[in-house]
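Single-structure report; data block below.
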Amino acid sequence: MDIVFGVDRIPGPGETLLATSAAKYPGGKGLNQAVAAARAGAPTGFIGAVGNDDHGAQLLATMAGDRIDTALVRRSAADTGQALIMVDARAENAIVVSSGANADVVALTDPERAGLRGTGVLLMQLEVPLDTVRAAASVAHAAGVTVMLNAAPAQELPAGLLADLDVLIVNEHEACLLGGSHDLATASAALAAQVPRLIVTLGSAGSALYEHGAELARVPAPRVVAVDTTGAGDTFCGAFAAAIAEGVGFVSAAEFATSAAALSVQAVGAVPSIPFRAAIERARA
């Protein structure tokens, strides 16, 4: 669950600011990306966990509203995960996440493994334990599934996980952390050498696509007036996964996802801002 405060600017250490607004919205990287995939037209299922609390009930209702299959969503004695988000006057954000029930997604069950083997695309994030992400990637890769990882929040990725990926998606900050360099081009090249396909999202500048270790294309983003950038990267990931699941090519799928992300920044909140397929198609017409 996202708790979102509007602020004139992000406060510094030891500083207290008065918020200009406060609201709660359904969120979480996994849920955002699942909603984005579903609204982009892909039949979508979700593996994760929520607590036996009001927030958990709200998030399950959100997924049901977007026709996301929640049969594999666990209920946990822990509180549902929460994110504290500050959005400033320039639409930039700062986010702190409390994992809560997400930390209970360990030791894949037999039904979860069957679900992974039966899908066309697996899209993962790092808000659940890394060992679970590694296990899910291994199961899906062995079954011939297209395996994608949005490596956020960024942490060191083991070689075995990278070997099971078809697509790695990172933003500029994550690329530099994982690529071991403050220079984005150097870091991106290092990452691109480790996976078949890499996408580095560049905010308002669009994205850079890499294939087989070399830069393949740059996808520009349309000019829009941003209100809230929260969830834009998640919208990109979910829409991209949906397009790939339909058989769309790498560059074309990234272009579709870029249009979806550009629409999302024009509204407040993560899930509320994620566009439906019809709106994405209109924006691309």
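Restrict the check to the range 167-188 and report whether at least one residue is modelled with pLDDT of 95 or more, of a type in the set (Asp, Glu) and in contact with a strand residue (DSSP E or B) (Cβ under 7 Å, 6 or more places away or on another chain). Scanning the range 167-188, I find at least one residue that is modelled with pLDDT of 95 or more, of a type in the set (Asp, Glu) and in contact with a strand residue (DSSP E or B) (Cβ under 7 Å, 6 or more places away or on another chain), so the answer is yes. Of the residues examined, residue 195 is not one that is farther than 24 Å from residue 155 by Cα, in contact (Cβ under 8 Å) with a residue 24 or more places away in the chain and in contact with a helix residue (DSSP H, G or I) (Cβ under 8 Å, 6 or more places away or on another chain). I want to confirm something. Restricting to the range 15-50 and keeping residues that are in a strand (DSSP E or B) and in contact with a helix residue (DSSP H, G or I) (Cβ under 9 Å, 6 or more places away or on another chain), which single residue is nearest to residue 64 (Cα to Cα)? Top of the filtered list is 45. When the range 254-285 is filtered for residues that are part of a loop (DSSP other than H, G, I, E, B) and not aromatic (Phe, Trp, Tyr), the ones remaining, listed by number, are 265, 266, 267, 268, 269, 274, 275, 285. The residues of the range 101-125 that are assigned to a loop (DSSP other than H, G, I, E, B) and either surrounded by fewer than 20 Cβ atoms within 10 Å (Cβ to Cβ) or touching a residue at least 60 places away in the same chain (Cβ under 8 Å) (or both), listed by number, are 106, 107, 108, 109, 118, 119, 120, 125. Suppose we filter the range 235-253 for residues that are among the hydroxyl-bearing types (Ser, Thr, Tyr) and not in a helix (DSSP H, G or I); how many remain? Qualifying residue count for the region: 0.
Could you look through the range 208-258, keep only residues that are under 23 Å from residue 122 (Cα atoms) and of a type in the set (Ser, Thr, Tyr), and pick out the one that is surrounded by the most Cβ atoms within 10 Å (Cβ to Cβ)? Looking at residues that are under 23 Å from residue 122 (Cα atoms) and of a type in the set (Ser, Thr, Tyr), I get 235.
The values are calculated or read from the model by the stated rules, or taken from the named source; none is laboratory data. Everything numeric here is computed off the predicted structure, so don't read it as measured data. When we count neighbours, we look across all protein chains shown, and the Cβ atoms used for this are built from the backbone with ideal geometry, even at glycine.
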